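In what follows, a structure is listed as structure tokens, so that the remarks can point back to it.
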Amino acid sequence: MSDSYDVIVIGGGPAGYPAAIRAGQNGLTVACIDEWQNRDGSYAFGGTCLNAGCIPSKALLESSELLHRAREEFPTHGIRIGAATMDVTQMQKRKAGIVKASTQGILALFKSAKVTGLAGHGKLLPGRKVEYTAADGTVTVLEAKSVVLASGSTPMPLKSVPFDGTTVLDSWGALDLAAVPKRLGVIGAGVIGLELGSVWRRLGSEVVVLEALDAFLPMADGAVAKEALKHFKKQGLDIRLGAKVTGATVAAGGVSLSYADAAGAHTLEVDQVVVAIGRRPNSAGLLAEGTGVALDERGFIRVDDECRTGAKGVYAVGDCVRGPMLAHKGKEEGVMVADLIAGRYGEVNYRTIPSVIYTAPEIAWVGQTEEQVKASGRPYKTGVFPFLASGRARAMEATAGFTKVVAGADDDEILGVHVIGPMAGELIAEAVLAMEYSASTEDLQRTIHAHPTLSEALHEAALAADKRAIDFPNR
Ligand code: FAD
Ligand code: NAD
């Protein structure tokens, strides 16, 4: 460890570690400090995403979806394997292995980009100095020409239902369950509630999701949200909208939740409950007095479009700043600031950040919803293509859902693309690229899509926007 670096990054999650790697690739001397500690006390880079977010949740979603398909779909294919069951210990062991390989991979990436990884706490001092408290308690003051704050976020607590780590769980706790609870409560029908609710539902839990809002998935296109709710209900997720949780009584063997909705007051008895009502920026112990870095009223670090804070040479990226709390958004911000620091070009196009919800059916979108375009007053057209009409989706037994394109009626510019169905998260990449290049539906219409692929569904939706779909009657 040296006392001075060109760049010090505080936080080694998906916003911080790419910033450090790109800075290293740009020939700068870099240190990345991260205090993440696993349950066994070991330190790890990768932040929430790799340790307790994106990666472990997708591992469990894959395992539980495979079990579901073995039970529900294999007989349709003619595959007879007897009663498929889940060994939860093995499922969790596989997940832990994937997490370990992913987080250790960062150490190899750091080595190749000549990044010094430091385990412990980082605190910004005035004048681009950083106080580093190592794992053994040793305190050192480091100097940097530029500092990148990438401190991420933590689960939002609910005052009336405080986390206790055993009965009232946050998302990390819900990822680490050693056994399938008979009855699982989930507070919040957002992305975490739906993804983790789906995991434990597929494994046999009776899952009740309490959502405070009357609307379901209000950030998604209305038609997509409606289709999603239909499928989730069919899967047995008991989603109760307009449910305001008022309190919880934890007793041996479970928790009694009180909530109120339009019909009155209710109680819900469950064995465990997951509180997933959003996340809040993490700035605990991050900033000393007088750094010049300002927080907004919700605790996010204030930055401009290029992620510069109010302090010269200090940037902030990822979940700790405004914008969607998504790993790929943080990554692009991290890479952008590392390039800007090196005097190179860097930019994040905030209009083309894709969102993906990894349920079954999967949900993905980029750009504006039909409701947003309508509210803007801009004349528009839409094209929709159901997966039921896709040969590949039929071959996959995955005909639920549709693709939808929203485009300007006058200039044909693609304004938003929405997919609910198989591999939606992969399909959306084409739409992101199209929008990155300000493509029209005609551009998509004239692009050759291999047959039979799921990508044809996006092609057909683009054609449908001009009532020229081939594989589905135009309306
Ligand atoms: P974090 O990943 O939170 O990393 C911040 C790091 O900084 C942490 O390691 C923390 O320990 C460290 N740190 C903080 N303060 C200090 C300090 N003072 N000194 C040293 N270190 C510090 N997003 C997606 O895009 N796709 C998904 O599929 C997805 N799934 C998710 C599933 C779950 C269950 C959860 C909880 C989140 C999921 N997310 C997903 C969101 C994603 O995890 C976050 O958007 C992403 O991790 C944010 O990256 P970050 O680097 O800004 O912060
Ligand atoms: P969220 O914002 O997605 O959903 C929270 C939900 O809880 C909302 O529907 C909200 O109305 C509801 N809510 C809030 N207070 C409530 C209360 N008191 N009672 C009942 N419901 C209440 O947040 P999340 O699901 O906790 O996820 C946090 C972040 O992590 C999100 O910003 C998301 O972007 C990110 N994430 C992303 C992915 C992905 O990209 N696939 C997966 C998981 C998490």
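Readers should treat all values here as calculations from the given coordinates under stated rules, not as data from a laboratory. What you see is a predicted model, and the numbers here were worked out from it, not measured in a lab. Backbone-built Cβ (ideal geometry, glycine too); neighbour counts: all protein chains shown.
Would you mind calculating the relative contact order of the stretch 278-419 from Cα pairs under 8 angstrom and at least 6 residues apart, reporting the percent as a whole number? Can you show the working numbers first?
Values: 209 pairs, mean separation 20.0, N = 142.
RCO, the stretch 278-419: 14 percent.
Note on the stretch 13-74: Kirkwood radius taken over Cα pairs, Stokes-Einstein applied at 4 °C and 1.567 mPa s, translational D equal to 92 µm² s⁻¹. Taking every DSSP beta bridge that has both ends in the chain, the antiparallel portion is near 60%.
Within the stretch 168-277, what percent of beta bridges assigned by DSSP are antiparallel, to the nearest 5? Taking every DSSP beta bridge with both residues in the stretch 168-277, the antiparallel ones total about 50 percent.
Relative to the current alpha-carbon distance between residue 240 and residue 437, full extension at 0.36 nm per residue lengthens the span by 66.9 nm.
Rounded to the nearest 500, the 222 nm mean residue ellipticity of the chain from helices alone is -9500 deg cm²/dmol, with -39,500 (n - 2.57) taken per DSSP H run of at least 4 residues. Residues whose amide H lies under 5 Å from that of residue 440, counting only those 5 or more places away or on a different chain, are 414; hydrogens are built 1.01 Å from N in the peptide plane.
On the principal axes of its alpha carbon atoms, the stretch 168-277 extends 42, 31, 22 Å, with the longest extent given first.
Structural descriptor for the chain: relative contact order 14 percent, calculated from alpha carbon pairs under 8 angstrom and at least 6 residues apart. Mean projected area of the convex hull spanned by the Cα atoms of the stretch 285-391, taken over all viewing directions: 11.0 nm². About the Cα centre of the chain, how large is the charge dipole given +1 on each Lys and Arg Cβ and -1 on each Asp and Glu Cβ? Please answer in debye to the nearest 20. Dipole magnitude for the chain comes out near 620 debye.
Only sites in a loop by DSSP and with at most 13 other Cβ atoms within 10 Å count here; which chymotrypsin sites (Phe, Trp or Tyr not before Pro) in the stretch 261-367 make the cut?
On the way: sites: 300, 315, 345, 350, 358, 365; in loops: 300, 345, 358.
Answer in residue order: 345.
For the stretch 287-324 versus the stretch 400-475, the spacing of their alpha-carbon centroids is 37 Å. Each peptide among 333-342, 276-285 gets the average number of other Cβ atoms lying within 10 Å of its residues, and from highest to lowest they stand as 333-342, 276-285. For the stretch 353-464, dividing the convex hull volume of the Cα atoms by the residue count gives 86 Å³ per residue.
Checking the cross-link pairs 111/312; 100/329; 58/374 against a 32 Å limit on the alpha carbon distance flags 58/374 as lying beyond it.
The alpha-carbon of residue 381 sits under 19 angstrom from the alpha-carbons of these lysines, leaving out residues fewer than 8 places away in its chain: 404, 467. Extent of the chain along its three principal axes (Cα atoms, max minus min coordinate, largest first): 67, 61, 46 Å.
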